[in-house]
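Presented below is the structure to which this report refers.
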Amino acid sequence: MQEFDWKQRYKEKIKNAPAAMKLLKPGNSIFIGTGCAQPQHLVNALVESSGKIYDAHIIHLLTMGTAPYANERFREKFKMNSFFIADNVRDAFSKGIGDYTPIFLSEIPHEFESGRIPVDVALISVTPPDVNGLCSLGVSVDIVKSAAANARYVIAQVNTNMPRTYGDSFVHVNAIDVLVPHDEDIIEIPVPEPDETLRRIGQNIARLVEDGSTIECGIGRIPQALAEFLKDKKDLGIHTEMFSDWILDLIECGAITCAKKTLNRGKIIASFCMGSKRLYEYIDNNPFFEFYPTEYVNDVFIISQHEKMVGINVGLEIDLTGQVCSDSLGYQFYSGIGGQVDFIRGSARSRGGKAIIAMPSTAKNGEISRIVPRLTEGAGVVTTRGDVHYVVTEYGVAYLHGKSIRERVLGLIHIAHPKFRKELMQAAKAQNYLYEDQIELGWEDHVAYPEELERYEALRDGTEIFFRPIKPTDEPALSEMMYSLSEHSVRTRYMTHTMAFPHRDIQRITNIDYLQDVAIVGVVPGVSDEEIVAIAQYFLDPKTQSAEVAFVVQDEWQRKGMGTFLLDYITQIAIQRGVRKFWAKVLPNNEPMLTIFHNSGYKINITFDGDAYDISYDLTKHEP
């Protein structure tokens, strides 16, 4: 079969780069292709032809190659307008050379179509045309397709190294005014190596991702860290504005199949990608990947139709009420809005979806907290306090949506770095966000939350329960459980017919040091957050190494083996921590609890004071 000679068929469109630049006029708006598909040869020719260009307006989303037009010496020649500030132009923007347009990524194409952001010339990269005259936009479809469709002139660098991608990624050669054949390597992005902090963030995010979820996750160290902890997941799907090398291992290990996606089943959907040569070779002519324009990929309605849609985005800082800044450091614009809000809102509307903001708890080598009493002066809100759902740091997960300010503050403080928690707590009290008597732990010397004590356990009826140490943020859920107890349960546990569970009492249970006092709760998924259905706790007397032990199970969860498990588990914890003796008070009519103690495997000592049994036993003498 004779090889198709596209150069011969379209020779009337072929020019070299300097000749193509003659289409440019002073004052033109010039769009430059996105990301790693930046047509570097055309950009260099643009600058070399700058002698005849004045007041040209450069428009781009995100470019990863060199940006010579951003040099100070071209200030009178080129004016920049960027929708996202990348490393290659950040210094120029800090000097006032360019403009930044904050806008949701999904809305940029409409600005081109309406003419509110005019495009005179689009400089893009494409593959060689096929026999049908179709050129693929390769690794960057995003807003490139809309820019080309609405430009007065389209100049395309035809690069045989550009991967040919499927989907809505094609431009017919008839829609291109000038073809400039020039091969060059596609820009590569090094695969980042996550540190331990980012790995913990990735692990915390992974716990929120269920089998069968569809994921949006971009590039950088957090996605790379997350991928490590998704390898055991099943039938994950991908619908994301962009991706990088992290996706490859998840495909090869079978975690990503896209078999259960609601839309575009069996396909990875994205609008652009940036990564290594290995990634580009993998996606080339690979029908598993389909690239679509931003107006489809980032459409909130499209995103929300995916069941279990998980949108993972990053923030620069967040205030105690839940306002997220993602595009600026104070008055200095640092990046852009991008698709964060598109996916936050789309994921939030998804059935079973999760909208996640992830960030390390500190910046500048731990010198400052990213969780702050108030946003830095000049910082802009990208994700509003009304949009925020999950916030993840290396210290855990805070769920904020539908929560009061007080609940939000407590949730965020307890995923902040411990050395900043006291000042955050005091700042919150000064703003009357918290009660004056809110317990302040000595966090810098405080034992970290004992994650190693988390475990799943199946009850007698097969129901799986998550057991974990109690957290300060459990106060509302624990209070709700206590007030849901029947009169009989209150009587048998607290030896009174009626009992109140006010803030001052409940917070003493939820704010513990995890050393002298330990409390384990059993939780199940609730309407908006976890629901506590059981609690076991002991309170240590360090002088005698003896501890009072108590546990209570919500009425509807009783007689399923939960009490037996809780006593056994908290006993194991106590023994590991050197506790020598347990004791408890039990009413005579509380036969289920008496039975649990008798079946504990220890020799039980019982005395009766006329009202209740005093039970005690030596933890060092377990009877087989």
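Could we say that Gly338 is on the phi > 0 side of the Ramachandran plot and surrounded by 20 or more Cβ atoms within 10 Å (Cβ to Cβ) here? Spelling it out, Gly338 is indeed on the phi > 0 side of the Ramachandran plot and surrounded by 20 or more Cβ atoms within 10 Å (Cβ to Cβ). On the stretch given as the stretch 606-619, residues that are exposed (fewer than 12 other Cβ atoms within 10 Å of the Cβ) and more than 13 Å from Thr492 (Cβ to Cβ) total 4.
Residue by residue, here is whether (1) in contact with a Leu (Cβ under 9 Å, 6 or more places away or on another chain); (2) aromatic (Phe, Trp, Tyr) holds:
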{"site": "Phe272", "(1), (2)": "yes, yes"}
{"site": "Asn286", "(1), (2)": "no, no"}
{"site": "Phe289", "(1), (2)": "no, yes"}
{"site": "His306", "(1), (2)": "yes, no"}
{"site": "Ser350", "(1), (2)": "no, no"}
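Looking only at the stretch 586-604, residues that are surrounded by fewer than 16 Cβ atoms within 10 Å (Cβ to Cβ) and in a helix (DSSP H, G or I) come to 4 in all. Taking Asp387 as the residue in question, decide whether it is modelled with pLDDT of 95 or more, part of a helix (DSSP H, G or I) and touching a helix residue (DSSP H, G or I) at 6+ places or on another chain (Cβ under 8 Å). Considered against the rule, which asks whether it is modelled with pLDDT of 95 or more, part of a helix (DSSP H, G or I) and touching a helix residue (DSSP H, G or I) at 6+ places or on another chain (Cβ under 8 Å), Asp387 comes out as no. Here His57 fulfils each of the conditions (1) in a loop (DSSP other than H, G, I, E, B); (2) within 40 Å of the chain's Cα centre (by Cα); (3) within 19 Å of Tyr153 (Cβ to Cβ); (4) not aliphatic (A, V, I, L, M) apart from (1). Tell me, please, whether a residue that is more than 36 Å from the chain's Cα centre (by Cα), assigned to a strand (DSSP E or B) and either at pLDDT below 90 or not aliphatic (A, V, I, L, M) (or both) can be found in the stretch 76-87. Taking every residue of the stretch 76-87 in turn, at least one turns out to be more than 36 Å from the chain's Cα centre (by Cα), assigned to a strand (DSSP E or B) and either at pLDDT below 90 or not aliphatic (A, V, I, L, M) (or both). Under the condition of being more than 32 Å from the chain's Cα centre (by Cα) and of a type in the set (Val, Ile, Thr), the residues counted in the stretch 27-54 number 4. Pairs meeting the criteria (first residue in the stretch 5-18 and in contact (Cβ under 8 Å) with a residue 24 or more places away in the chain, second residue assigned to a loop (DSSP other than H, G, I, E, B) and hydroxyl-bearing (Ser, Thr, Tyr), beta carbons under 9 Å, at least 6 apart or on different chains) are Ala17/Ser49; Pro18/Ser49.
At least 2 residues being out of contact with any Cys (no Cβ under 7 Å at 6 or more places or on another chain) and among the acidic types (Asp, Glu) is the threshold, and among the helices (runs of 4 or more DSSP H) wholly inside the stretch 188-283 those reaching it are 246-252.
Results for (1) within 29 Å of Ile344 (Cβ to Cβ); (2) of a type in the set (Asp, Glu), shown as yes or no for each residue.
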{"position": "Glu48", "(1), (2)": "no, yes"}
{"position": "Phe83", "(1), (2)": "yes, no"}
{"position": "Asn88", "(1), (2)": "yes, no"}
{"position": "Glu107", "(1), (2)": "yes, yes"}
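Pairs meeting the criteria (first residue in the stretch 332-357 and under 19 Å from Ile238 (Cβ atoms) and in the same structural domain as Val381 (by TED's automatic domain parsing), second residue surrounded by fewer than 24 Cβ atoms within 10 Å (Cβ to Cβ) and among the small types (Gly, Ala, Ser), beta carbons under 6 Å, at least 6 apart or on different chains) are Gly346/Ser304; Ser347/Gly353; Arg349/Ser304; Ser350/Ser304; Ala355/Ala348.
The listed residues are Lys422, Lys429, and the only one of them that is within 27 Å of the chain's Cα centre (by Cα), basic (Lys, Arg) and under 25 Å from Thr321 (Cα atoms) turns out to be Lys422. Listed conditions (1) over 29 Å from Tyr435 (Cβ atoms); (2) crowded, with 16+ Cβ neighbours inside 10 Å; (3) modelled with pLDDT of 90 or more are all met by Gln545, apart from (2). Every condition in (1) surrounded by fewer than 19 Cβ atoms within 10 Å (Cβ to Cβ); (2) in the same structural domain as Lys11 (by TED's automatic domain parsing) holds for Pro190 except the one numbered (2).
Return a yes/no flag: does the stretch 315-331 have any residue that is in a loop (DSSP other than H, G, I, E, B) and farther than 26 Å from Glu377 by Cα. No, the stretch 315-331 contains no residue that is in a loop (DSSP other than H, G, I, E, B) and farther than 26 Å from Glu377 by Cα.
On the basis of being touching a strand residue (DSSP E or B) at 6+ places or on another chain (Cβ under 8 Å) and either without any contact (Cβ under 8 Å) to a residue 24 or more places away in the chain or within 30 Å of Met425 (Cβ to Cβ) (or both), does Leu316 make the cut? Yes: the conditions hold for Leu316.
Among what's in the stretch 243-293 and is touching a Pro at 6+ places or on another chain (Cβ under 6 Å) and either of a type outside the set (A, V, I, L, M) or over 23 Å from Val126 (Cβ atoms) (or both), pick the residue that is surrounded by the fewest Cβ atoms within 10 Å (Cβ to Cβ). Checked the stretch 243-293; the qualifying residue surrounded by the fewest Cβ atoms within 10 Å (Cβ to Cβ) is Asp284. Taken over the stretch 478-505, the criterion of being β-branched (Val, Ile, Thr), crowded, with 18+ Cβ neighbours inside 10 Å and without any contact (Cβ under 8 Å) to a residue 60 or more places away in the chain is satisfied by Val490 alone.
The values are calculated or read from the model by the stated rules, or taken from the named source; none is laboratory data. It should be emphasised that the depicted structure is a prediction, and the values quoted were computed from it without experimental measurement. Glycine gets a Cβ as well: all are built from the backbone with ideal geometry, and neighbour counts include every protein chain shown.
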